[in-house]
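**Q** Can you keep this structure in mind? I'll have questions shortly.
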Amino acid sequence: MRDLPTGEDKVRAVRAMFDAIAPRYDLLNRILTFGMDVGWRRTTVRQLGLEPGSLVLDLACGTGDLCRDLAAAGLRAVGFDLSAGMLAAARTDAPLVLADVLTLPVAAASADGVTCGFALRNVADLGAFFTELGRRGGRIGLLEVAEPRWRPARAVHGFYFRRVVPVVGGILSDRAAYRYLPASTAYLPEPDEMLAMLGAAGFPDSRRRLLGMGAAQLIVGTRS
């Protein structure tokens, strides 16, 4: 993780970066994933398996994509994000809260589920984040980028993610930000280690599946 920020430096850098790219964040997501991110979020909501009316906290909610999908499924969503710029650009009727997801301003065991889309690598302390999830109780649906298992697909994906994404991001938004986003995958533990961390945080049944031919991963689990 050479040259990548850590601790409070990371918090400040991530907040500033997302404030800067908020106006075109949704557009870039659709372009860079060829629209597949829409289906990935809907899969996340389905895999929660919660009854209509259940309360779900969407952490690092950004512009509210997951909040909208949760609402469409009849769930009650509340979004939390560190970036005021992202919340200002949000397109959702769900309540939104400016907050650090490592110290949520909500009571323990207050929600039926928690979601997080493409932000595990952006928190300052992933272990602390998983512990925070464990305090909330219920189901989790964590969506994040991944690498395909098949070697040829992994090579193509790596070239696209690390070479093409920064160029397109630079043309339409901020080149430095879209260089950081692929590089930030270095913050993610190996899959088995991440599942073990979740088990230690109170989600022993956590399981992982790949989406989009391996370009994304979804982890779901239930608080024991």
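The values are calculated or read from the model by the stated rules, or taken from the named source; none is laboratory data. Remember, it's a predicted structure, so these values are computed and weren't measured experimentally. We place every Cβ from the backbone using ideal geometry, glycine too, and count neighbours over all the protein chains shown. Surface accessibility is based on the protein's heavy atoms, side chains included, excluding ligands, DNA and RNA. Shrake-Rupley method; radii C 1.70, N 1.55, O 1.52, S 1.80 Å.
**Q** Gly74 - would you say it is open to solvent by 30 Å² or more (accessible area, probe 1.4 Å), over 18 Å from the mean Cα position of the chain (by Cα), on the phi > 0 side of the Ramachandran plot and not acidic (Asp, Glu)?
**A** Yes; evaluated as a whole, the condition is true for this residue.
**Q** Please go through the range 82-105 and give me each residue that is closer than 18 Å to Arg68 by Cα, open to solvent by 40 Å² or more (accessible area, probe 1.4 Å) and touching a Leu at 6+ places or on another chain (Cβ under 9 Å), ordered by number.
**A** Within the range 82-105, Leu96, Val97, Leu98 qualify.
**Q** Still on this structure: Listed residues Leu188, Leu143; which is in contact with a strand residue (DSSP E or B) (Cβ under 9 Å, 6 or more places away or on another chain) and surrounded by fewer than 18 Cβ atoms within 10 Å (Cβ to Cβ)?
**A** Leu188
**Q** Also: Of the residues that sit in the range 32-45 and are aliphatic (A, V, I, L, M) and more than 15 Å from Leu181 (Cα to Cα), which one is surrounded by the fewest Cβ atoms within 10 Å (Cβ to Cβ)?
**A** Looking at residues that are aliphatic (A, V, I, L, M) and more than 15 Å from Leu181 (Cα to Cα), I get Val38.
**Q** Within the range 201-218, can you find the residues that are outside any loop (DSSP other than H, G, I, E, B), open to solvent by 20 Å² or more (accessible area, probe 1.4 Å) and in contact with a strand residue (DSSP E or B) (Cβ under 6 Å, 6 or more places away or on another chain)?
**A** Listed by number, the residues that qualify are Arg208, Arg209, Leu210.
**Q** Mind listing just one residue for me: the one in the range 165-175 that is assigned to a helix (DSSP H, G or I) and touching a residue at least 12 places away in the same chain (Cβ under 8 Å) and, of those, farthest from Arg208 (Cα to Cα)?
**A** Out of the qualifying residues, it is Leu172.
**Q** Going by what's in this entry, would Ala13 be described as assigned to a helix (DSSP H, G or I) and open to solvent by 30 Å² or more (accessible area, probe 1.4 Å)?
**A** For Ala13, the condition - assigned to a helix (DSSP H, G or I) and open to solvent by 30 Å² or more (accessible area, probe 1.4 Å) - is met.
**Q** State which residue pairs qualify: first residue charged (D, E, K, R) and inside the range 178-189, second residue open to solvent by less than 20 Å² (accessible area, probe 1.4 Å) in any location, beta carbons under 8 Å apart, and separation of 6 or more residues or different chains.
**A** Qualifying pairs under 8 Å: Arg179/Pro166; Arg179/Gly169.
**Q** Now for a different question. Considering Arg149, Arg136, which residue is at pLDDT below 95 and in contact with a Ser or Thr (Cβ under 7 Å, 6 or more places away or on another chain)?
**A** Matching residue, one of Arg149, Arg136: Arg136.
**Q** Tell me whether the range 49-59 contains one or more residues that are under 25 Å from Glu147 (Cα atoms) and either in a loop (DSSP other than H, G, I, E, B) or touching a residue at least 24 places away in the same chain (Cβ under 8 Å) (or both).
**A** yes
**Q** Which condition from (1) surrounded by fewer than 18 Cβ atoms within 10 Å (Cβ to Cβ); (2) in contact (Cβ under 8 Å) with a residue 60 or more places away in the chain is the one that Leu198 breaks?
**A** The one condition Leu198 does not meet is (1).
**Q** Which condition breaks for Ala60 when tested against (1) in contact with a Lys or Arg (Cβ under 9 Å, 6 or more places away or on another chain); (2) buried (at least 20 other Cβ atoms within 10 Å of the Cβ); (3) on the phi > 0 side of the Ramachandran plot?
**A** Result: Ala60 passes all but (1).
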